[in-house]
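Reading through the structure tokens given below for one structure.
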Ligand code: GLP
């Protein structure tokens, strides 16, 4: 794992967007794995800016989102479909048929998961997978105990995750669906590159376990230590408990 500490407020997100932009310029038909959550909003705002002001071209880019709640229609304000439309897809020149988010309303969950895996394979696999981190240590919606070789599948959310994600549901954890479809840990680890963005001191304890603790299914993000090409972008708050980067922040840039 290659940890990049960006101390300047708001810069971890733009640095992350810059890494994505660079990969897209190098490979215009990039297969990009995408994440949701508060952390990514500024990343997507910056990608939209790079598109409008810098001509960053998404016309050949294909995307696959990590996850979606089960039981929420795409147009539900808290669905990940809606999040992606609002924060990224409508802001750039991506072709709608090149974007993929699991169908949370499917009547055949297993079939939908297999279809999703097959589409990733058909696209040639994911070139760059963007990831956020949940307070439980989850990546995607792979909660503690997720099998290390798991594929896209139905998963149950922990109470902590439902609390963490309650914001778009009027602050009510009980309104957050308890089930979701997520890419598996095995699916994520097959991405050619992984890019984990973690910001804020609330995630400092879990980030230290992900980066510096033992690799264990109890901390799903720790599995990224086994990925041959995983960059972790962190701000000063998230880096608080790491054993590195406590010196001159500029030296880490
Ligand atoms: C959700 C998503 C994850 C995301 C996490 C972090 O649970 N399924 O993919 O990484 O939230 O969210 P936030 O950025 O809001 O802290």
Problem - Residues satisfying the stated conditions in segment 166-210, i.e. free of Cβ contacts under 8 Å to residues at least 24 places away in the same chain, within 26 Å of residue 10 (Cα to Cα) and in contact with a helix residue (DSSP H, G or I) (Cβ under 8 Å, 6 or more places away or on another chain) - result: 166
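Residues in segment 40-65 that are within 13 Å of the ligand (Cβ to nearest atom) and touching a strand residue (DSSP E or B) at 6+ places or on another chain (Cβ under 8 Å): how many?
Total satisfying the criteria: 4.
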Exercise for the section: Answer yes or no as to whether residue 103 is farther than 23 Å from residue 29 by Cα and without any contact (Cβ under 8 Å) to a residue 12 or more places away in the chain. Expected result: no
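Quick one: is residue 232 within 26 Å of residue 22 (Cα to Cα) and within 15 Å of the ligand (Cβ to nearest atom)?
Values: within 26 Å of residue 22 (Cα to Cα): yes; within 15 Å of the ligand (Cβ to nearest atom): yes.
Judged against the criteria, residue 232 is a match.
Quick check: anything in segment 203-214 within 26 Å of residue 72 (Cα to Cα) and more than 10 Å from the ligand (Cβ to nearest atom)?
The first filter runs over segment 203-214 and keeps only residues within 26 Å of residue 72 (Cα to Cα), leaving none.
Within segment 203-214, none of the residues are within 26 Å of residue 72 (Cα to Cα) and more than 10 Å from the ligand (Cβ to nearest atom).
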Problem - Only one of 163, 225 that is out of contact with any strand residue (DSSP E or B) (no Cβ under 9 Å at 6 or more places or on another chain) and farther than 27 Å from residue 105 by Cβ - result: 225
Handout entry: Residue match in segment 36-51 (condition: touching a residue at least 24 places away in the same chain (Cβ under 8 Å) and assigned to a loop (DSSP other than H, G, I, E, B))
Key = yes
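Table: residues versus (1) buried (at least 22 other Cβ atoms within 10 Å of the Cβ); (2) at pLDDT 95 or above.
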site: 31; (1), (2): no, yes
site: 38; (1), (2): no, yes
site: 50; (1), (2): no, yes
site: 54; (1), (2): no, no
site: 69; (1), (2): yes, yes
site: 85; (1), (2): no, yes
site: 96; (1), (2): no, yes
site: 99; (1), (2): no, yes
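Give the residues of segment 121-153 that are outside any loop (DSSP other than H, G, I, E, B) and crowded, with 21+ Cβ neighbours inside 10 Å, sorted by residue number. First the steps, then the outcome.
Filtering segment 121-153 for residues outside any loop (DSSP other than H, G, I, E, B) gives 121-122, 128-131, 139, 142, 153.
Of everything in segment 121-153, those that are outside any loop (DSSP other than H, G, I, E, B) and crowded, with 21+ Cβ neighbours inside 10 Å turn out to be 128, 129, 130, 131, 139, 142, 153.
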Practice task
Among the candidates 68, 13, 75, single out the residue that is within 12 Å of the ligand (Cβ to nearest atom), touching a helix residue (DSSP H, G or I) at 6+ places or on another chain (Cβ under 9 Å) and outside any helix (DSSP H, G or I).
Solution key: 68
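Residues of segment 16-34 being part of a helix (DSSP H, G or I) and in contact (Cβ under 8 Å) with a residue 60 or more places away in the chain, which ones? Let's see the steps before the verdict.
Initially, segment 16-34 is screened for residues part of a helix (DSSP H, G or I), giving 16-26.
If the condition is that a residue be part of a helix (DSSP H, G or I) and in contact (Cβ under 8 Å) with a residue 60 or more places away in the chain, then 16, 19, 20, 23 are the ones that fit.
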Practice task
Those residues that are assigned to a helix (DSSP H, G or I) and touching a helix residue (DSSP H, G or I) at 6+ places or on another chain (Cβ under 8 Å), I need them from segment 84-120; list them, please.
Solution key: 87, 89, 91, 96, 117, 120
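The values are calculated or read from the model by the stated rules, or taken from the named source; none is laboratory data. Given the structure is predicted, the values throughout are model-derived calculations rather than measurements. Because the Cβ atoms are built from the backbone with ideal geometry, glycine has one as well, and the counts that use them run over all protein chains shown.
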